[in-house]
1. How would you order A:223-232, A:338-347 from highest to lowest mean count of nearby Cβ atoms within 10 Å?
2. Enumerate the calculated ³J(HN,Hα) couplings along the stretch A:72-79 in order (Karplus 6.51 cos²θ - 1.76 cosθ + 1.60, θ = phi - 60°), each rounded to whole Hz, writing x wherever the residue is Gly or Pro.
3. So if I place +1 on the C-beta of Lys and Arg and -1 on the C-beta of Asp and Glu, and nothing else carries charge, what would the dipole magnitude of the stretch A:362-482 be about its Cα centre? I want it in debye, nearest 20.
4. With charges only on Cβ, +1 for K and R and -1 for D and E, what is the dipole size of the stretch A:3-247 about its Cα centre, in debye, rounded to 20?
5. Which length gain, in nm to one decimal place, applies between B:I111 and B:S35 when the Cα-Cα distance is subtracted from 0.36 nm times their residue separation?
6. Principal axis extents for the protein assembly as shown, Cα atoms only, whole Å, descending order, please.
7. For A:V111, list long-range residues whose amide hydrogen, built 1.01 Å from N in the peptide plane, is under 5 Å from its own amide hydrogen.
8. Run down the lysines and flag those whose C-alpha is under 18 Å from the C-alpha of A:K115, throwing out any fewer than 8 positions away in its chain.
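Where a number appears in this text, it was derived from the coordinates with a stated rule and is not lab data. Computed from a prediction, not measured in an experiment: that's the story for all the values here. As a convention, Cβ positions derive from the backbone with ideal geometry for all residues, glycine included, and neighbour counts pool all protein chains shown.
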Amino acid sequence: MTIREIREAIRSGRQSAVEICRDTLARIDTLNPQLNAFNTVAAERALARAGAIDRDRDRWRDAPLAGVPIAVKDNICTRGLRTTASSRMLEAFVPPFDATVVSRLDAAGAVVVGKTNCDEFAMGSSNETSAFGPVRNPWALDRSPGGTSGGSAAAVAAGLAPVALGSDTGGSVRQPSSLCGVVGLKPTYGRVSRYGLIAHGSSLDQIGPIARGAHDAAIVLGVIAGIDAADSTSAPEPIPDYAAALTGDVRGTRIGVPRALLEQGVDPEVAQASAAALDVLQARGATLVDVDLPHARYATPVYYLVSTAEASSNLARYDGVRYGFRAGGPDLRAMYGQTRGRGFGAEVKRRIMLGTYVLSAGYYDAYYLKAQQVRTLILRDYDRAFERVDVVAMPTSPVPAFKLGERIADPLQMYLVDVFTVSANLSGLPAINVPCGFTVGRLPIGLQLTGRRFDEATLLRMADAYERDTEWSTQLPLIPSR
Amino acid sequence: MSHDAIADMLAFDMPTALTRDDAARIAALAMLELSDDELDLLARQLGDILAYADQVQQIDTTGVPPTASVVTRHAADRADELRPCLDREDALANAPDPALDAGLFKVPRVIG
């Protein structure tokens, strides 16, 4: 069901919020054992919340998400509800506060049904770094759902929740959305408060909606967006009515195509589907323009230098003192080392090591500072492109969903999957995944549109216009019940 | 000497492979206790990743300012006022070894 359908059903009295919640929980019960999309299912809490909404229907009549079940990535803090970041380090952590996005969902009447599995501390591209086992792709259970918000994307794709929140540091909302065939939006840096999001790369992280269609993503973005006194990087820009921007009219919109960048190696079926998607938008009146982003091909190395540096600093807080896992050790130093050595998984340790190295004396200038300078050049490339076009289009992922186990042994092979998504984080720009077809083997393919700063409305309008002419977003995977 | 000139020199001396000892030094800085097997694996993997990342050295960044943050417009300053914060009990609720009565986090021996 879409948000519109759920709200209509509740308003007309055809279904109660409790009934909708029960249906969602039943589907989670049936399918989560196969998918492993949730770390925690909050059944009792969700039913109590839905009941409260049913009892006070007048109060919630105009709330944009009244009675709408939502899945929240397990690196977003929920007061009183375990929040693990899929790490042993936080396996038993129960936040004493809500993230700002969670407070806003609450105020809008949403019903949080559970916390979704992800890569550990949102580091990975396949969901395989989770301490609680990988999520499985609903379209092919032996394949990765992508990462890091793989649980959120798989949950929405399989109908375990109509909408979900993910977080995106280098593509973690868009790439799993692409591999699972759903809409995923990374907002402009600063559009959504990061307060209560477990920090990975503080200059890159954004929380964004994952949904079956652009309209649902627009409604959720409208709820979670906006300035927040608790996050000094949140932006004061006004919040447009995103749903009202979905007019279907894309006439005159200029789509930039970075042809040289796409020569970097894209699976032929992915290349073909994303080109066909642009034809659909062109037929609706958009125009295609070649653009050059000469430094975008360096985005992956720059991203892994910048993000690991930030992560190594952010993860210094996990010291076994105030919260989380603690290992023994005869003195304080040994306790720190053992807590961190045993509490973190392999990918997290690798990134802390890399980040520590690039920030260390002697290498700071050559790696970290250099990466920040190239980051400036990437940003300028986009600024120049946006003088001529309204959005830039490319595939979200160069490949469709890959097999679990296929890339995890070689970290570099995994990092290369992020080639098209990391630029938007480095430059702070909004970007969306739009499902645009399937491979011959029935694996979803996604088109990525990147927009101007704070112009999420154009991205959503393009995605919605495309949905009107295609049927990809209406398809559901068939998951054999166990 | 400019930043870039220093960076070029460093780039020239950049190790293409890391040893176990290098990895151990980084692990000590990061407060990570790792096994010898982990150190060997990480030395190899970090070496591979850094060799790949070295492609950024080819780019001419003379006079290019670094970007640390993409925030273009900062929110207005706010008054520095005392406001309610976490209760002590809430703050201690997740601690591995809290001293609830004293309101403290307990840690192993720090000195001698």
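1. Values: A:223-232: 19.2, A:338-347: 21.0.
Packing order, densest peptide first, comes out as A:338-347, A:223-232.
2. So the Karplus estimates, Gly and Pro as x, are 10, 4, 7, 10, 10, 5, 10, 4 Hz.
3. Values: 13 positive and 14 negative charges, 41 e Å.
Using only the charged Cβ atoms, the result is roughly 200 debye.
4. Numbers: 25 positive and 25 negative charges, 64 e Å.
Rounded to the nearest 20 debye, it is 300 debye.
5. Numbers: separation 76, 0.36 × 76 = 27.36 nm, distance 2.56 nm.
Length gained between B:I111 and B:S35: 24.8 nm.
6. Dimensions of the protein assembly as shown along the principal axes of its Cα atoms: 70, 64, 55 Å.
7. Residues meeting the amide H criterion: A:G67, A:V68, A:I70.
8. Reachable lysines: A:K73.
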